[in-house]
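Notes follow the structure.
The values are calculated or read from the model by the stated rules, or taken from the named source; none is laboratory data. Just so we're clear, the structure is a prediction, and the values are computed from it rather than from any experiment. Every residue, glycine among them, receives a Cβ derived from its backbone with ideal geometry; neighbour counts consider all protein chains shown. Keep in mind that these areas ignore ligands, DNA and RNA; they rest on the heavy atoms of the full protein, side chains included. Shrake-Rupley method; radii C 1.70, N 1.55, O 1.52, S 1.80 Å.
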Amino acid sequence: MRLVILEDYDQASEWAAKYICNRIIQFKPTQGRYFTLGLPTGNTPLGCYKKLIEYHKNGDLSFKYVKTFNMDEYVGLPRNHPESYHSYMWNNFFKHIDIDPNNAHILDGNAPDLQVECDAFEKKIEEAGGIDLFVGGIGPDGHIAFNEPGSSLSSRTRLKTLAMDTILANAKYFDGDLSKVPTMALTVGVGTVMDAREVRTYLVLVACMFSRLVCVVIGIEGKKTSVLQVMILITGAHKAFALYKAIEEGVNHMWTVSAFQQHPRTIFVCDEDATLELRVKTVKYFKGLMHVHNKLVDPLYSMKEN
């Protein structure tokens, strides 16, 4: 697990954008080999999206061979509603880059059968080969996507009833009118984000036949820890206690972000304000590793060089 501490929101956003950019370029995506990216909504990733758009417009980054999967969507809100996550993604990111709309996957909160929609979303992720980099943000109570306190840490994409705290927090986006705030949403599960890809492995059987040792190799489908990456963006003093729970305490389903302690490649990217609840020695330890962390984003790669 890495904790990357930057001075402020802008620096944290830029670091995250540089990391995404470098990961995509180093992957060298092609028509037959797409890079798959999981994406969040909310206020936190806006700065990161702005920098990615800048890299694209400068000719340094292309999303032509990138597939995206968003984390959640409200149920019952029209797709063209200004507060739907479809609108959020297209207005703040997708319409400014060269991604193929068919490769931008967002859950449909108006699907006739919501369970079928959730199952199909999981299937699409599987067919894409898993998520190469899942970017997430968290709420002050440590929830990721709409996996609120008490959610199963092995949960999959599903229909979720929103907690009253979430509804109250979201009311500001709906003119303060609680009656306009959706009470249900579709969300990827903690297990969806944590999951490893399905890959082909081989089982070797050793048998004794006519007193001779014979080795038989049989190809089967199985799970292997083919490591994907999770990057969690956490900024602001109001999320400091959630970062403390994610980093310094144990795994707890009441703080679903804490599950990522168990992911083999998690990066928490935060600003100084978000570290206010951490122990001094914790902050000092991770700041001492910044020279290592910064090698992930410096130099910043460019597709112009390929």
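Below are the figures for this structure:
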| quantity | calculated |
| --- | --- |
| Alpha-carbon Debye profile of the stretch 16-106, log10 I(q)/I(0) at 0.17 Å⁻¹ | -0.70 |
| The chain - mean residue ellipticity at 222 nm from DSSP helices (-39,500 (n - 2.57) per run, n ≥ 4, rounded to 500) | -8000 deg cm²/dmol |
| Label point at MET290 placed 7 Å out along Cα→Cβ; residues across the stretch 1-30 whose backbone nitrogen lies under 12 Å | 4-8, 11-12 |
| Residues SER179 and GLN26, FRET efficiency given R0 of 45 Å [Cβ-Cβ distance, rounded to 0.05] | 0.40 |
| Solvent-accessible area per residue for the chain (1.4 angstrom probe, square angstrom) | 48 Å² |
| Check: the stretch 1-115 dipole with +1 on Lys, Arg Cβ and -1 on Asp, Glu Cβ, in debye | 520 debye |
| Most to least packed among 4-12, 141-149, 77-85, 28-36 [average Cβ atoms within 10 Å] | 141-149, 4-12, 77-85, 28-36 |
| Rounded, prolate or oblate (a/c below 1.5 giving rounded, otherwise prolate when a/b exceeds b/c) for the chain by Cα gyration tensor | rounded |
| Pairs beyond 23 Å (Cα-Cα), from LYS18/LYS95; LYS67/LYS287; LYS180/LYS239; LYS64/LYS95; LYS57/LYS95 | LYS67/LYS287; LYS180/LYS239 |
| Span-rule helices in the chain, defined as complete DSSP H runs reaching 18 Å or more along the axis (Cα) with Kyte mean at least -1.0 | 9-27, 114-127 |
| Exposure of PHE63 as accessible area (Å², to 10), given a probe of 1.4 Å and all protein chains | 0 Å² |
| Carbon + sulfur, % of accessible area of the chain - ligands and nucleic acids excluded, 1.4 Å | 52 percent |
| Inter-label distance for ALA169 and VAL116, nm, one decimal - labels placed 7 Å from Cα along Cα-to-Cβ | 3.3 nm |
